Amino acid sequence: MERIIIEVSADTAKRWRSASKETKQRISQIMNIIIAKELMTDSPDEFQEFLDEFRNTMEERGLTQEILQEILNEED
């Protein structure tokens, strides 16, 4: 994984700094999906490949297909 910088409100930044490690990891996973989805709109096959790889990694870490689908559905 690589780090990027995004701008958020001061309140969001404050809450981020005080969030637990688990919360930060969950949010990072969700943001990774959202950003990839937005940036790969012109390449559905590339996005599907990204999702397949991401799903395999997350399943290894305990994030099931059902939870991943819930995350994707929340953002629509």
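Condition check for Ile33 on (1) free of Cβ contacts under 8 Å to residues at least 40 places away in the same chain; (2) surrounded by 12 or more Cβ atoms within 10 Å (Cβ to Cβ); (3) hydrophobic (A, V, I, L, M, F, W, C): one failure, at (1). Just one of the listed residues (Thr57, Thr23) is assigned to a helix (DSSP H, G or I) and at pLDDT below 85, and it is Thr57. For Ala10, indicate whether it is surrounded by 12 or more Cβ atoms within 10 Å (Cβ to Cβ) and modelled with pLDDT of 85 or more. No; evaluated as a whole, the condition is false for this residue.
The values are calculated or read from the model by the stated rules, or taken from the named source; none is laboratory data. Computed from a predicted model, the values in this text were never measured in an experiment. Note that we place each Cβ from the backbone using ideal geometry, even for glycine, and neighbour counts take in every protein chain shown.
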